[in-house]
1. Give me the pairs: first residue in segment B:112-132 and touching a residue at least 12 places away in the same chain (Cβ under 8 Å) and within 14 Å of B:Ile58 (Cα to Cα), second residue in a helix (DSSP H, G or I) and of a type in the set (Ser, Thr, Tyr), beta-carbon distance under 8 Å, and six or more apart or on different chains, which are they?
2. Checking B:Lys486 against (1) buried (at least 16 other Cβ atoms within 10 Å of the Cβ); (2) modelled with pLDDT of 95 or more; (3) within 19 Å of B:Leu73 (Cα to Cα), which single condition isn't satisfied?
3. State yes or no: is B:Ser299 in contact with a strand residue (DSSP E or B) (Cβ under 7 Å, 6 or more places away or on another chain) and modelled with pLDDT of 95 or more?
4. Can you confirm whether B:Arg258 is within 14 Å of chain A (Cβ to nearest Cβ) and not hydrophobic (A, V, I, L, M, F, W, C)?
5. When you scan segment B:342-429 for strands (runs of 3 or more DSSP E) that lie fully inside it, which ones turn up with 1 or more residues that are under 19 Å from the mean Cα position of the chain (by Cα)?
6. Can you spot a residue in segment A:106-116 that is within 14 Å of another protein chain (Cβ to nearest Cβ) and at pLDDT 95 or above?
7. Collect the residues in segment B:217-250 that are of a type in the set (Ser, Thr, Tyr) and under 14 Å from B:Ile484 (Cβ atoms), keeping them in residue-number order.
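The values are calculated or read from the model by the stated rules, or taken from the named source; none is laboratory data. What you see is a predicted model, and the numbers here were worked out from it, not measured in a lab. Note: ideal-geometry Cβ built from the backbone for every residue, glycine included; neighbour counts use all protein chains shown.
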Amino acid sequence: MYTKRLIRTIVSRMLASDVPSITSQSWSQLKANSTLQVNRFCSSVPKPQKDLVKVTFLLRDGQRQEVKAKVGDNLLDIIVENSVDIDGFGACEGTLACSTCHLIFKQEDYDKIPDKPTDEELDMLDLAFGLTETSRLGCQVIVTKDMDGLEISVPKGVSDARR
Amino acid sequence: MTLCKLRSQWLAFKSMKVPMDFKLFVAFKLWHLNGQRQQSTVSKVISGGQKPHTHVAIVGSGPAGFYTTQQLLKGNPNIVIDIYEKLPVPFGLVRFGVAPDHPEVKNVIHTFTQTAQNDRCHFWGNVEVGKDVTLEELTDTYTAVVLCYGASHDRLLEIPGEDLPNVISARSFVGWYNGLPQHKNLAVSLDCESAVVLGHGNVALDVARILLTPVSQLQKTDISQHALEVLSRSKIKQVHVVGRRGPLQVAFTIKELREMVNLPDTRTTIQPQDVQGLDKIITDIPRPRKRLTELVFNSATHPSAETIKKWAEASREWRLVFLRSPIKIQEAGDGQVKAVEFTVNRLEGNNLMTQRAISTDVTESLQCGLVLRSIGYKSLPLDNSLPFDSHKGVIQHKDSRVQGRKGLYCSGWAANGPVGVILGTMTDAFETGKVILQDIENGALQNQEKDKREKLIDKFKSKAVSFSEWTKIDLAETSAGEKIGKVREKLTDIQQMLHIAKS
């Protein structure tokens, strides 16, 4: 516990300098990167490469960002690992305690997501700005092979939506 | 050495099979190197005669302060931020407001820590604006000043008996179990069977939940030890959570209600007549009100068989009570609280969601030995010159720009009142940041002299707690927690905090 914390502090200190703000999860990034490093340095037998699919995010400013997403990862991790720049995304780091990783799907894509939202996910989504019937939390959506070519919208933050 | 190289070397090294101690040693070495590199970059920037920096002061280090800082640092590479904090420790209500059994919500601290460790951000803890420095001194020495000091006072009921012992503001109670230095000695007696919580917001449910949660669940959290000891001797069996309006007007959110309904060893009681007819209108209500109302309705009328079984075996109970306004807190002969007297209300108004409570002639009493008042917080003006709406308890502003004060901004609860979860504050703070960036871009703000600012900082520099000094307090707290099986044991004595910070 203590060691983990210490390393986290050190690593965040290392990463903090030139990255002006956001994107949280340097720890997730680190975890992801270090797996690659394990492959390169420690293992004589290459581990099977995870399948990759193409996912496109439609950002708040109208820009499109296409990324390669690993099958089996959740969309929050994919956004963090690919440094997709969304202010405040994933504030609770995927623990179902906020709704900052709110994403909007097309109806047909929404219907195809294998895991349906739990009450707890819907509870958090209820607090999201710009909630739609096809909204999900990125941290709860696991990428599948079928999702190749998926287009996902990042909702606009609305400042006066406080209730 | 570039950051990239440092990072990849560390990553490669980290995955090797060497003892943990050695890894830690190398980690420290890298950290140190990186620190030196940062320093040299800073001196290069300063001596290189680049574009002069724009200095912004942020007053308050809670979510509003940190999210505004993030936006400013990201949006303009020439902005340098000074964050002022009254206490020696950062993070405001994330540390002192968020309930100890909601550790996930506190994960925002990781990004705040990254922000605070940015070269262009300085944390000045233990420096109180209004005492150690004046607001005028800040506005005179910074290009922009952003007030993010939250809402530090609570509203009063203004009814007889409010000053009796064990009639406590929920705000103080929260501060007490969260280790806020000013409330560590709060006199709380849980030597009674029944408590009344007045209010239907998330804070009301937080305090009710803490009163009813088994101590075995709380003892691993960062709840303060003094509170845990009192809670472990608690005799409270029943908590009434009372609001003046009906189920459609509650201000708490569904997550908090679901936690109450699922509390171990605790029964939920909602009178079916209070929710009568709700099923007919639920379908027409938009989310989020819809799902919240559904949960209230289902818990009152047809809980699941499993839930019924759990509730039947429960030794404690919480009751959600509607349409009651407190008019008097009754005193027993010995000067202790005996009961709260209420008038029964009816609702008036065409819009179901915004109906008002109107008192009737009917009154009733609830016996209790503890009253927690949770009817809202309010902000106070930091300075007499500040345009302030004392009715709403907020700074007067338009789009975060304080009325009639160029270069002065406000964000978060100090600007908008104490409403909503961190998400609302975050969105608001990002907007505040954008407004300031825009004003800087348009040349609407004036940079101030560096000498004047340095002179000001010299005034409090020796007493101020820097962010790296805070990390010493952080480490002391987590180590103290580890010894007793908790994630953290917060220091509650300011002198002790300062002692560790300056050691």
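1. Filtered contacts from segment B:112-132: B:Thr115/B:Thr69; B:Cys121/B:Thr69; B:Cys121/B:Thr115.
2. Exception for B:Lys486: condition (3).
3. On the way: in contact with a strand residue (DSSP E or B) (Cβ under 7 Å, 6 or more places away or on another chain): yes; modelled with pLDDT of 95 or more: yes.
Taking the combined requirement at face value, the residue satisfies it.
4. On the way: within 14 Å of chain A (Cβ to nearest Cβ): yes; not hydrophobic (A, V, I, L, M, F, W, C): yes.
Taking the combined requirement at face value, the residue satisfies it.
5. On the way: elements: B:356-367, B:370-373, B:408-410.
So the answer is B:370-373, B:408-410.
6. At the first step, the residues of segment A:106-116 found to be within 14 Å of another protein chain (Cβ to nearest Cβ) are none.
No: zero hits.
7. As a first pass, look at segment B:217-250 and keep what is of a type in the set (Ser, Thr, Tyr): B:221, B:224, B:232, B:234.
Selection gives B:Thr221, B:Ser224, B:Ser232.
Residues are listed down the side, and each one gets a yes or a no for (1) of a type in the set (Val, Ile, Thr); (2) out of contact with any Phe, Trp or Tyr (no Cβ under 7 Å at 6 or more places or on another chain):
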{"position": "B:Leu248", "(1), (2)": "no, yes"}
{"position": "B:Met260", "(1), (2)": "no, no"}
{"position": "B:Gly277", "(1), (2)": "no, yes"}
{"position": "B:Thr283", "(1), (2)": "yes, yes"}
{"position": "B:Arg289", "(1), (2)": "no, yes"}
{"position": "B:Val296", "(1), (2)": "yes, yes"}
{"position": "B:Ala305", "(1), (2)": "no, yes"}
{"position": "B:Trp311", "(1), (2)": "no, yes"}
